[in-house]
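A quick write-up on the structure given underneath.
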Amino acid sequence: MSDTTIGLLGIAGLLVAMALRVPVGLAMLVAGILGSMAVAGPMGIMAGLTTLPVEQFSNHALSIVPLFLLMGAFAGRAGLSQLLFDAARDWLGHRRGGLAMAAIGACAAFGSICGSSLATAATMTRVALPEMRRHGYHDGLATGVLAAGGTLGILIPPSVVLVIYAVLTGQNIDRMFIAALVPGVLAALGYMAAIRVQVMLNPDAAPAVPRIGWSERLRGLARTWPVFVIFVTVIGGIYAGVFTPTEGAAVGAAATGLFALVRGGLRRGAFTEVVMETASGTAMIFMIVLGAAAFNGFLALTGLPMQAAETIGGLDVPPIVVLAAILALYLALGCIMDSLSMILLTVPIFYPLIMALDFGLPPAEAAIWFGILALVVVEVGMITPPVGLNVFVINAMSGGTPMRDTFAGVIPFLVSDVLRILALVAFPGITLGLMRLLY
Amino acid sequence: MSRADPAPHSVQGRGEKASRSGGPFRTGFGPVGVLCRLVAMAGGLMLVAIAAMSVISIIGRWFAGTSIGGLEFGPVPGDFELVETGTAIAVFCFLPQAQLARAHVTVDLFTMRAGPALRRALGVVADLLFAATTALLAWRLTIGLEERLTYGETTMILGLPQWWVYVPGVAFMALTALACLTTLTATLRGAVPPTEAEAAAAEAGTASEESRR
Amino acid sequence: AEVTLRLHHFFPPTSAVHSKYFADWKQRVESQSGGRIEVKIYPAMQLGGTPPSLFDQARTGQADIIWTVVGYTPDRFPEAEVFDLPFLPRSAEITSQAAHEFAMKHLTSRFEGVKVIAAHTHSPGLIHTRDREVRTPEDMKGLKLRGPSRLINSFIEALGAEPVGMPVPQTAEALSRGVIDGTVLPMEGLDALRLQELVHRHMVFAGENALYTTMMLVAMNQAKYDGLPADLKKVIDDNAGIAEARAIGRVMDQADAPVVAAIEKSTTNRIIALTSAETDRFRAVGAEVEKAWAERMTARGIDGPALIEEAKALVAKYAAQP
Ligand code: NA
Ligand code: NA
């Protein structure tokens, strides 16, 4: 059997194992181990396993991941989401659909200190869903808004998925974060526009709430200072060179931890919950990282990624078609897979391919541009049926909203996502502009 | 499937959560469960220590070259190494508990509507595979430990022995295998592994404390 | 092909040794074996693992041949550290031959499990700073520098600078953000990481011996070699040894040249050439580092002073050869 055949069998085996509910990281690890044995005998991989877990877990660039998770978990206990939502409601609530827009704005702000989509969705739902219901918002709209808003947790830096992409491709994490900023803000604005269109079509779905006076608005805004301080310290500190991204995450974790402590958010076993939350998220991610390392080592042995890059590079199609095909594949995969697994599985194959094509951009910029595009499309998977984790979380928390209604509520935001993806593909300057300005 | 990212998970054994999160996967598990949670807490403290050390190091580096009351400012020597090694130890600490909490991502597409019997059967297979793989890794890590002891390799800056990190590596990889056998036993006794949707629902139950206060 | 040899290393495919030396080595081995050996080169850690694991990859057969920095596993090959000492090296071509002869004499037992294709060193490294002009040890005070090895770290620390330990891929980011003020690398390494846009002063000491280098190794899995038929073993033997060490050294020296030329022409970058009087003060600090190393080796039961003596003599010997 040729190495190529073994490689294809390995991929097929991986997909079958995943379909049979073998955890993704484990499936990649087992497929990687068995595949490497098939190509190169058991000696090599068995020797590799004596160090592989330690190597993967002690990767300095990945140390940022548990620290960002810890930061997000502390932020959830610090009462910041309530402050953010209250402030946004005071400013936007009196418009039709204003509470929904306020939820989006608060999600964006919370996303600026939380690196995870699910945590953002869950945290904001607790705060915003009861309020929207109290004012007569339709459940489908309310839950759809929060599911989509949750994706801002990843789209707005800091972002765990971006960290993984940067580590896989050797890009600077700080540049990736800067590049993600404008597309992230665009996402928030796009979602607000989607709400606007929805309430124009169906005014009953989202009644207005009473207008709030300016002095009260300003006071509410002032109360959100910790979020601004933490975001400016972490992202600003990384950009200004006070510390590296990993150190920035450490600073963010320490600051949110202190704040949660001062605000009384760590009482009565809450610290234990912070740790358990961080533990689950960290172990889940590093298990996939470990599995991907084994599986990608196996793929490299078979030579498949290089062959794929050569084959597609040899095709006589414009680069943009290749890019479109990849993005479409991500959207399709996103219906059933999570973003992190997708990035870890596919970037080692797609990245060399993209870098071999000419998009009229310098290689460093193409790498960042593709990273942001990949981030945006894989994150759409969080809200697409049949498996959309954000939708699951919010639907479960809403108690009684039919899943169908929540998925229906998400549709306008999916439309907004697709339009934004088209814009980001057509105009790389949206993604790269701020970075060019700052570096 | 899906956890696009770190999902907050409920773990603690409070009644209301346990009932919401589908029984024994989130709490209990007897002495093994207690041990796994203790080890996870140790990992959490390790992370907090890493964060604190980094902050001290940044302050020291920022004021490098100055001194106050005879105290010379400077970065913590080998801070990068400490972060790397500390993170590795923390991850090893988290693995056993993550298995008990069913934190690992699965693809549900083809099994979402499967009955409990099928899901339990698949759960048994996955747990067996997980137990075997983590046992294999624990065994291979003992070889890694032996080799580090033989060759006496150290870290670049601090000269810390490389074998240190292998000790929690071996111990907690073995504990992870034990945790897999524990969930396996629970499944054999009738527990049904949660779907991603159920896991997400349980997570949501504890995702945020603030609104409860 | 009858035999496939997977050659694994951590440098990018654009690096000089990958594109000039290994491409040539592959071609030689394949044609001399009449096509019975195929060499597949995997740069940039494509087969997985981290650079420090490369030696063990060759020893255990995960890769058939590897190229690595011996010092990536500190304290495992203590004798090799003599080539890290400040002010030891001459050009890579000269020092590589010295390193090879030294390794074949003192490191064979530590290299058990692999067949050495070549031990060598990289081209001489120097201190690069963002903007500070360093001419005296006082100028080093408070500088945050990424050091390449423990010995160079203790050298810059003895000079009053702060050695910062940081993974190589992070240096660009750390330099551009001012987390560190400089780095210590050979010119070619600077170019490979595109750092010359971030560090603008390059410190060159007077005299024939440059600041530092380190030992590197191309090695093959012993069992794989032993399993080859005699005529293929001969092909490997014909393409291993001190001549290979010299060839790699030459490639590395040559890779420095265009970088130096570009810096000399550049308006933003400047080479700071120290006088011999200025250099002497740095050499005095280097001598202390050397002494401390010898003592540390002696404490381990290794004759440090003799190793230093021998390494210096070997460098002098190959410097004298044409
Ligand atoms: Na974020
Ligand atoms: Na989906």
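All of the numbers you see were taken from the coordinates with simple rules; none came from a lab. All of these numbers come straight from a predicted model, not from anything done at the bench. Neighbour counts run over all protein chains shown; Cβ positions are idealised from the backbone, glycine included.
Taking C:Lys234 as the anchor, which aspartates and glutamates have their alpha carbon closer than 19 Å to its alpha carbon, excluding any fewer than eight residues away along the same chain? Correct list for C:Lys234: C:Glu2, C:Asp24, C:Glu30, C:Glu38, C:Asp64, C:Asp226, C:Glu244.
For segment A:322-356 versus segment A:101-171, the inter-centroid distance based on Cα atoms is 22 Å.
Counting only DSSP beta bridges with both residues in chain C, the antiparallel share comes to about 55 percent.
Projecting the Cα atoms of B:Val34, B:Leu145, B:Leu188 onto the charge dipole of segment B:32-192 (Cβ charges, centred on the Cα centre) puts B:Leu188 farthest toward the positive pole. Against chain A, whose longest principal axis comes from its Cα atoms, helix A:160-169 is set at around 30 degrees.
With θ taken as phi - 60° and the Karplus curve 6.51 cos²θ - 1.76 cosθ + 1.60 applied, the whole-hertz 3J(HN,Hα) list for segment A:19-36 is 5, 8, 6, 6, x, 3, x, 5, 4, 5, 4, 5, 4, x, 5, 5, x, 4 Hz, x standing for glycine and proline. Segment B:25-81 and segment B:131-160 have their alpha-carbon centroids 23 Å apart. Count the net charge of all other residues whose Cβ sits under 13 Å from the Cβ of A:Leu327, scoring Lys and Arg as +1 and Asp and Glu as -1. It works out to a net charge of -1. Cβ crowding within 10 Å ranks A:Leu69, A:Leu301 as A:Leu301, A:Leu69, fewest other Cβ atoms first. Rounded to the nearest 20 debye, the dipole magnitude of segment B:32-192 is 860 debye, with +1 charges on Lys and Arg beta carbons, -1 on Asp and Glu beta carbons, and the Cα centre as origin. Against chain A, whose longest principal axis is taken from its Cα atoms, helix A:319-334 shows a tilt of about 70°.
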